[in-house]
Structure formats: C-alpha cells, structure tokens
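Please read the structure below before turning to the comments.
The values are calculated or read from the model by the stated rules, or taken from the named source; none is laboratory data. These numbers were taken from a predicted model, which means no experiment stands behind them. Neighbour counts are summed over all protein chains in view; Cβ atoms, including those assigned to glycine, are modelled from backbone coordinates with ideal geometry. Only protein heavy atoms, including side chains, enter the accessible area calculation; ligands, DNA and RNA are left aside. Shrake-Rupley method; radii C 1.70, N 1.55, O 1.52, S 1.80 Å.
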Amino acid sequence: FLFAGQSNMEGADTDPKLVETFPPFRNALKPLENVRYSYQTGADHRSEGWTDLQIVGNNFGPEITFARAFRRQSKDPLALIKDAWGGTTLVNDWAPDGGGEKSRKLYQRFITQIRDRLAELKKQGLTYKIEALMWHQGENDMFNEQYMADYGKNLNNFIQKWRDELDAPELKFFIGELCTKTIWGMDLRPR
C-alpha cells in the first residue's frame, strides 16, 4: 500500500504517552515487526530501505492504525511505502509534471522511493502487488482561487499519472481531506 499527502498524512507530532491514554490507540505506537515500512516525511526523515513499521520521531500517520486493522483481518505479507510533507500543494509540490519553480517535486521523490523499494523486493525473490494509494489532501490548495478552481482537474491528472507510471490502470485511490471546520477555526465549507 502507498501513503502520500500533506500534514495529516505526515503524522501527528504528539507525546506517545498521551496517545496511549486513548483506548483505540493503546499499543498502536509499538513497532510491528511483520510489516515492511519505507518512509520519507518532510525534509528530514527517511528510512534507509525497509524497516519495521514504527513511528518516526514522535510522528505517526494513518498507516500505523491501518496496518493493525489489516493485520487483524489478514496474515498476508504487508508492505507500506509512505511519502508526506505538511504544508504542500497538489498544484505545485505533488504535481506529476514538476510543478513550479519552488516545487518540492514530491511526486518524483515518491516514485523514486517506490521503484527503489520494489526493486529490493524483486532482488529478494519476492513478488508484490500494489493494492492502493491513500492520498491525504490538506487545506493548502484551498487558499488560492485558481488552485481551488483547478483542483479537480489536477487530482484527475495526479491519479492518471500514478496509474500510468506504475503500470497499474486499475490502481485504487482512497482520498481523505480535512474536516470542513478546522481546529484553527477556518470554515472550509465554501471551498
């Protein structure tokens, strides 16, 4: 499974002891040794190849609980590849065609990570199937009128490029977004 997106996909920077007090997340932050994990988050955090699924610093994203839910239903091998960076945009940073001059070129960065990890699996004689890409969109594409107007077109292009690049025409996408009322008091319903 692939995980990509902005701040909430990058993960919450929180006190792990506090997380343990919330019953649905009890024990969720412990490493899962039977789940391969490769990640790049922000500018500073990246795994060197595969590691066991774990929190990165004090950050954890949806992959942590996703893997546990998956594991309760299946003992099949599981590998997760993640790239996320808070405060980014689909129109620029995640644009498959490169984005603007100040783009972080995250689409290209993630494609490289995926190809490298899949090549490692193949070298080990393992077969794989990419099941889906989980995309989390933050609010940054909603602060510019032109970005808002073009978001649907940009998202369709983003999805098609992934399917083409990975030679997976039926690749499933699961897309999350922020709630319409954010913790900062912004009302995003008009967007």
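Taking the stated definitions as given, is Lys75 over 22 Å from Ala132 (Cα atoms) and either open to solvent by 60 Å² or more (accessible area, probe 1.4 Å) or out of contact with any Cys (no Cβ under 7 Å at 6 or more places or on another chain) (or both)? Give the steps one after another, and end with the answer.
On the way: over 22 Å from Ala132 (Cα atoms): no; either open to solvent by 60 Å² or more (accessible area, probe 1.4 Å) or out of contact with any Cys (no Cβ under 7 Å at 6 or more places or on another chain) (or both): yes.
In short, no.
Among the residues making up segment 1-54, a single one is small (Gly, Ala, Ser) and part of a helix (DSSP H, G or I): Ser7. Residue count for segment 141-179 satisfying the condition of being closer than 19 Å to Asp97 by Cα and either over 19 Å from the mean Cα position of the chain (by Cα) or part of a helix (DSSP H, G or I) (or both): 23. Which of the residues that make up segment 14-48 are exposed (fewer than 12 other Cβ atoms within 10 Å of the Cβ), within 30 Å of Ser103 (Cα to Cα) and touching a residue at least 12 places away in the same chain (Cβ under 8 Å)? Ala43, the sole residue that qualifies. Number of residues in segment 136-170 that are at pLDDT below 95 and among the aromatic types (Phe, Trp, Tyr) equals 3.
Only one entry of Ala119, Ala132 meets the criterion of being of a type outside the set (Phe, Trp, Tyr) and within 21 Å of Phe158 (Cβ to Cβ), and that entry is Ala132.
Checking Glu101, Glu48, Glu120, Glu63 one by one, the residue that is among the acidic types (Asp, Glu) and within 14 Å of the chain's Cα centre (by Cα) is Glu63 and no other. Within segment 106-131, the residues that satisfy the criterion of being outside any helix (DSSP H, G or I) and either among the acidic types (Asp, Glu) or surrounded by 14 or more Cβ atoms within 10 Å (Cβ to Cβ) (or both) are Ile130, Glu131. Every test in (1) under 22 Å from Ser7 (Cβ atoms); (2) touching a residue at least 60 places away in the same chain (Cβ under 8 Å); (3) open to solvent by 10 Å² or more (accessible area, probe 1.4 Å) is passed by Asn58 save one, and that test is (2).
Taking the condition of a type in the set (Ser, Thr, Tyr) and surrounded by 17 or more Cβ atoms within 10 Å (Cβ to Cβ), does Thr89 pass? Considered against the rule, which asks whether it is of a type in the set (Ser, Thr, Tyr) and surrounded by 17 or more Cβ atoms within 10 Å (Cβ to Cβ), Thr89 comes out as yes.
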